[in-house]
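Below is one structure, written out as structure tokens; comments come after it.
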Amino acid sequence: MTPLHDPAVANGEECPSGAQTSCAPEERPKEARRWKVLIADDEAEVHGMTRMVLADFAFEGRRLEFLSAYSGAETLRVLARHPDTALILLDVVMETDDAGLEVVGRIREELANPFVRIVLRTGQPGKAPENQVIARYDINDYKEKTELTAQKLFTTVTASLRSYRDLRIIEQNRRGLEKIIEASANLFEMQSLCQLAQGVLMQLTALLQMDASSAILMGSGFAASRKSSAFVIMAGTGKYAALEGRRVQDAVTPAVMAHLDRAVSQRRSLFLDDRFVGFFSTQSGASHLLYLRGCRRLTELDRKLIGIFSSNVAAAFENVTLNQEIIDTQKEMILTLGEVIESRSKETGHHVRRVAEASHLLARKAGLSPRQADLLRMASPMHDVGKVGIPDAVLLKPGSLTPEEFAIVKHHTEIGYQILKSSRREILEAAVIAARQHHEWWDGSGYPLGLKGKQIHLFGRITSIADVFDALLHPRVYKAAWEPGQVLDYLRQRRGTQFDPRLV
């Protein structure tokens, strides 16, 4: 991905269509955060002299913010309140002859701060010989106060800040890569495009908030997928949080749409000042967009991490798309096979599709999760697959069945079980339950196993009601369609005997 820089846009660009009046104006750029320098010395004149010499100092466009402490204990308290301090100019001799040396150990061990650069300053070098101090203590420089001229102080501070900056960059890279590994693992667990879209937004926002000392990212963004000829918002944050399900072109301003069109036409992701426009396509031809904007400009580190993360996002979208294609294929095959069985028995059109939808609705009402309810919707059309083994003379008989013929029909539950039982696919495992248990009765008098009450799997209990409900509502070769009131009365009468009373 090539970094691109566009001029800043006018206030209100980010407001969704028709909502410009409620969109807060963009914040003015804030002054770059200052480098924090802690002066730890028991002599007030040292503080004053240091501040005066470094008053106009700047490194990489950032000025200094001075903190003061006059004892070892106070130094630790100040540093605990300001863990993002870049440099400590630390006197060796304060309340004790080795107060500064003790502070060094406690900074590295108790405060667990490996980043702050520590320059020891002493007016009594004999009390802390340089060779011993450098070898024993985790410091970055050792200076006698008499040798710290204005020029040498400038050089020392510059070198220390450069070292602190580089350590922070290394740490940010490490933490960023950790987040990418963690985020990618989470993304590949997502089972739907909506879940993935929400996960990508959450993880990308977290990725851009790695540095706890930086300004909090107050961003707005969304993830969208192409459906038919338009992109539809699958998940949103900030200003876009309430726009899920809307077409992107109806939800964003022309300026934002222009950025998105550019990414789509160039088929690549773009960095545009303080925002990121991600474009992802899969081998199956699906396309996805990610738009995120914060209140600070993306650094080069941000861009590199987003680039790595985007590669994993593209793979995750491909993974979910392929997984969904497999599920859709299984669903289509199950529906087709169910309809073949249905047409053979000359039952009313689309019975299995209606049973599938009724089972899904009842499953949600019964408290099943969306995923479990969807699974039952895909599996329930196979409830009568065993009828392939029932002779036409019995299956298509227009009149009442003899006891012997009814015994043959009852065998379709076991035939369906035998057909499906060897599969380890989740959908077909659910279909096994529906096929074998949809004629079990709540009171234990059903078939083929004589299961009772909650011994019958919830999938079987739900499919039983959905199947009977639809069968009674529509004409069959052996009966006319019933009125809805008659069907409901039938279900009520058989609560606690044939059907789960709670489900009825």
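Restricting to segment 466-503, give me the number of residues that are assigned to a loop (DSSP other than H, G, I, E, B), surrounded by fewer than 18 Cβ atoms within 10 Å (Cβ to Cβ) and within 47 Å of the chain's Cα centre (by Cα). Looking only at that region, the number is 6.
Remark: pairs (first residue in segment 42-55, closer than 17 Å to residue 69 by Cβ and touching a residue at least 24 places away in the same chain (Cβ under 8 Å); second residue surrounded by 14 or more Cβ atoms within 10 Å (Cβ to Cβ) and of a type in the set (Ser, Thr, Tyr); Cβ separation under 7 Å; 6+ apart in sequence or on different chains) = 42/70; 42/71.
Would you check which residues across segment 276-291 are among the aliphatic types (A, V, I, L, M) and either within 19 Å of the chain's Cα centre (by Cα) or open to solvent by less than 10 Å² (accessible area, probe 1.4 Å) (or both) and list them? Residues satisfying the conditions are 277, 289, 290. Inclusion of residue 419 among residues that are over 18 Å from residue 492 (Cα atoms), open to solvent by 60 Å² or more (accessible area, probe 1.4 Å), under 44 Å from the mean Cα position of the chain (by Cα) and of a type in the set (A, V, I, L, M, F, W, C) is warranted.
Within segment 436-450, can you find the residues that are free of Cβ contacts under 8 Å to residues at least 40 places away in the same chain and of a type outside the set (Asp, Glu)?
First pass over segment 436-450, keeping only residues free of Cβ contacts under 8 Å to residues at least 40 places away in the same chain: 436-437, 439-440, 444, 447-450.
Passing the criteria: 436, 437, 439, 444, 447, 448, 449, 450.
Are any of the residues in segment 444-461 touching a Pro at 6+ places or on another chain (Cβ under 7 Å) and polar (S, T, N, Q)? Taking every residue of segment 444-461 in turn, none turns out to be touching a Pro at 6+ places or on another chain (Cβ under 7 Å) and polar (S, T, N, Q). Contact map, segment 265-281: residues that are touching a residue at least 40 places away in the same chain (Cβ under 8 Å) paired with residues that are charged (D, E, K, R) and assigned to a loop (DSSP other than H, G, I, E, B), Cβ distance under 7 Å, separation 6+ or inter-chain. Pairs shown: 272/6; 273/6; 273/297.
Inspect segment 451-465 for any residue being of a type in the set (S, T, N, Q), in a loop (DSSP other than H, G, I, E, B) and in contact (Cβ under 8 Å) with a residue 40 or more places away in the chain and give the result as yes or no. No, segment 451-465 contains no residue that is of a type in the set (S, T, N, Q), in a loop (DSSP other than H, G, I, E, B) and in contact (Cβ under 8 Å) with a residue 40 or more places away in the chain. Only a single criterion out of (1) under 26 Å from residue 364 (Cβ atoms); (2) at pLDDT 90 or above; (3) of a type in the set (Asp, Glu) is not satisfied by residue 426, namely (2).
Of everything in segment 380-404 that is farther than 20 Å from residue 441 by Cα and open to solvent by less than 60 Å² (accessible area, probe 1.4 Å), the residue that is modelled with the highest pLDDT is 402. With the condition kept exactly as written, say whether any residue in segment 363-381 is out of contact with any helix residue (DSSP H, G or I) (no Cβ under 9 Å at 6 or more places or on another chain) and not in a loop (DSSP other than H, G, I, E, B). Yes; the residues of segment 363-381 include at least one that is out of contact with any helix residue (DSSP H, G or I) (no Cβ under 9 Å at 6 or more places or on another chain) and not in a loop (DSSP other than H, G, I, E, B). Residue 256 - would you say it is over 22 Å from residue 307 (Cα atoms), open to solvent by less than 20 Å² (accessible area, probe 1.4 Å) and either aromatic (Phe, Trp, Tyr) or more than 18 Å from the chain's Cα centre (by Cα) (or both)? Considered against the rule, which asks whether it is over 22 Å from residue 307 (Cα atoms), open to solvent by less than 20 Å² (accessible area, probe 1.4 Å) and either aromatic (Phe, Trp, Tyr) or more than 18 Å from the chain's Cα centre (by Cα) (or both), residue 256 comes out as no.
A residue that is open to solvent by less than 70 Å² (accessible area, probe 1.4 Å), closer than 18 Å to residue 318 by Cα, in a helix (DSSP H, G or I) and not basic (Lys, Arg) occurs nowhere in segment 223-244.
Among the residues of segment 482-495, is there at least one that is touching a residue at least 40 places away in the same chain (Cβ under 8 Å), more than 27 Å from residue 330 (Cα to Cα) and small (Gly, Ala, Ser)? No, every residue in segment 482-495 fails to be touching a residue at least 40 places away in the same chain (Cβ under 8 Å), more than 27 Å from residue 330 (Cα to Cα) and small (Gly, Ala, Ser). Count of segment 17-56 residues, restricted to those that are open to solvent by less than 100 Å² (accessible area, probe 1.4 Å), of a type in the set (Ser, Thr, Tyr) and modelled with pLDDT under 90, is 2. Restricting attention to segment 79-102, the residues that are within 41 Å of the chain's Cα centre (by Cα), surrounded by 19 or more Cβ atoms within 10 Å (Cβ to Cβ) and of a type outside the set (Gly, Ala, Ser) total 4.
A Cβ distance below 8 Å, combined with a sequence gap of six or more or placement on separate chains, defines the contacts here; from segment 86-107, residues that are without any contact (Cβ under 8 Å) to a residue 24 or more places away in the chain reach no residue that is surrounded by 18 or more Cβ atoms within 10 Å (Cβ to Cβ). Screening segment 433-465 for residues that are surrounded by fewer than 21 Cβ atoms within 10 Å (Cβ to Cβ) and of a type in the set (Lys, Arg) and picking the one that is farthest from the chain's Cα centre (by Cα) gives 452.
The values are calculated or read from the model by the stated rules, or taken from the named source; none is laboratory data. Keep in mind that this is a model prediction, so the values were computed, not measured. As a convention, Cβ positions derive from the backbone with ideal geometry for all residues, glycine included, and neighbour counts pool all protein chains shown. All accessible areas refer to the heavy atoms of the entire protein, side chains included, with ligands and DNA or RNA removed. Shrake-Rupley method; radii C 1.70, N 1.55, O 1.52, S 1.80 Å.
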